[in-house]
């Protein structure tokens with residue numbers, strides 16, 4: 001086992017050395033680490049990567065808390081003011097419609113799925129992950145406004161969907177135990193506590209950090225580690241007082257970012273650390289979840305995965321953007337680039353840990369199949385569709401009407417995100 005872990009660390013180092021070079025071949029980090037997981041785990045089984053359930057649960061919880069905090073805290077409120085209406089449409093209309101449509105189709109299509117389990121599938125597969133289309137996200141051929149829109153949606157919809165996932169899992173657990181009286185209600189109380197507590201933690205910590213930096217009290221070379229500890233603290237302390245740690249981490253990140261303001265150089269260390277753990281989650285997905293899920297895969301799960309990436313995603317996006325004047329091609333482009341990724345995987349890991357094996361076997365294969373299909377489909381189409389869309393008259397009109405102009409986007413990823421047209425010039 002020590003040899004396996006040493007090999008994983010070596011592979012992480014080698015990815016760090018070659019990530020930009022591999023990106024030119026359109027090999028995304030999620031695809032690479034899923035493949036490595038399959039090779040090291042139960043799929044191909046070259047080596048034995050079989051982490052304990054406790055280790056998998058800890059990895060999932062820590063990674064989700066960090067990702068929720070960092071995604072929320074880096075939201076550029078000032079530069080997004082011209083696009084707030086579009087973001088509100090996608091998150092306030094498109095996301096609920098996607099959850100609702102996904103729930104209805106899961107309930108009608110998947111065999112043996114209860115209403116709560118259908119809600120879990122719909123909510124777990126609603127969040128998007130811009131990292132799977134990272135080459136598109138840094139391609140200047142795509143209007144900056146559209147890249148910002150997709151990036152902000154990806155950064156916030158996982159936090160918005162988390163309460164529904166938590167509530168659905170509580171409902172499934174209550175159904176398994178036969179006690180339908182208290183579990184969903186208790187989950188709602190936990191969410192409310194996490195919401196209030198996370199807001200307080202984020203506002204206070206953001207104000208303290210801003211004051212400490214202004215007075216020269218904080219050393220620049222340790223601030224990043226301190227903020228990483230804060231992201232973990234927002235989760236662990238919320239759980240300790242009876243709140244939901246994931247909601248607390250997400251809301252704390254929003255409040256921290258709003259109070260701290262931009263730029264936030266200390267977030268680079270936090271994002272890189274979260275990226276490292278994200279790579280491990282993708283590897284666990286390939287090593288553990290994919291082989292197990294495919295043992296119980298049904299044709300209904302495969303059909304649902306295709307519908308999830310197309311109809312369940314694209315129809316709500318189209319309905320939410322009616323009247324936005326973006327044009328049909330732009331709406332289709334935004335609708336297609338809704339990859340399912342890290343958040344859905346972690347929600348799948350949480351389902352494995354919290355649900356009985358029979359209940360997990362009905363929902364986790366759907367999540368695994370959808371994410372794996374998304375890794376392949378969005379990884380292969382990211383660059384060519386970006387180039388094709390960028391040459392259209394519709395894209396040029398969106399670019400010309402952008403009041404903010406071009407801007408750099410902090411795309412969540414694990415390196416290798418700068419594909420064609422997005423590579424910075426080497427230093428002189």
Check your understanding: Can you find a residue in segment 352-362 that is under 18 Å from the mean Cα position of the chain (by Cα) and part of a helix (DSSP H, G or I)?
Key -> no
Review point. How do the helices (runs of 4 or more DSSP H) wholly within segment 115-190 filter down when requiring 2 or more residues that are modelled with pLDDT of 90 or more: which remain?
Key: 115-124, 144-177
Practice item. Give the residues of segment 273-327 that are in a helix (DSSP H, G or I) and without any contact (Cβ under 8 Å) to a residue 40 or more places away in the chain, sorted by residue number. Key: 295, 299, 314, 318
Review point. Which condition number in (1) surrounded by 14 or more Cβ atoms within 10 Å (Cβ to Cβ); (2) within 20 Å of residue 195 (Cα to Cα); (3) free of Cβ contacts under 8 Å to residues at least 24 places away in the same chain is the one that residue 229 fails?
Key: (1)
**Study point:** Number of the exception - residue 250 against (1) without any contact (Cβ under 8 Å) to a residue 60 or more places away in the chain; (2) more than 26 Å from residue 51 (Cα to Cα); (3) under 17 Å from the mean Cα position of the chain (by Cα)
**Key:** (1)
Study note, to complete from the structure: Considering residues that are in contact (Cβ under 8 Å) with a residue 60 or more places away in the chain and over 23 Å from the mean Cα position of the chain (by Cα), the number found within segment 374-394 is 6
Exercise for review: Determine whether segment 254-264 contains at least one residue that is assigned to a helix (DSSP H, G or I), modelled with pLDDT under 90 and surrounded by fewer than 19 Cβ atoms within 10 Å (Cβ to Cβ).
Suggested key: yes
Exercise for review: Starting from residues that are assigned to a loop (DSSP other than H, G, I, E, B), at negative phi and surrounded by fewer than 24 Cβ atoms within 10 Å (Cβ to Cβ), keep the ones in segment 12-39 and report whichever is modelled with the highest pLDDT.
Suggested key: 27
Review point. Can you tell me which residue in segment 103-118 is farthest from residue 170 (Cα to Cα), limited to those that are over 25 Å from the mean Cα position of the chain (by Cα) and surrounded by 14 or more Cβ atoms within 10 Å (Cβ to Cβ)?
Key: 109
Study note, to complete from the structure: Screening 306, 284, 251 for residues that are surrounded by 22 or more Cβ atoms within 10 Å (Cβ to Cβ) and at pLDDT 90 or above leaves only 251
Check your understanding: For residue 336, all conditions in the list (1) over 23 Å from residue 60 (Cα atoms); (2) buried (at least 23 other Cβ atoms within 10 Å of the Cβ) hold save one; what is the number of the exception?
Key -> (2)
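The values are calculated or read from the model by the stated rules, or taken from the named source; none is laboratory data. Just so it is clear, the model here is predicted, and its values are computed rather than measured. Here the Cβ is made from the backbone with ideal geometry for all residues, glycine too, and neighbour counts use every protein chain on show.
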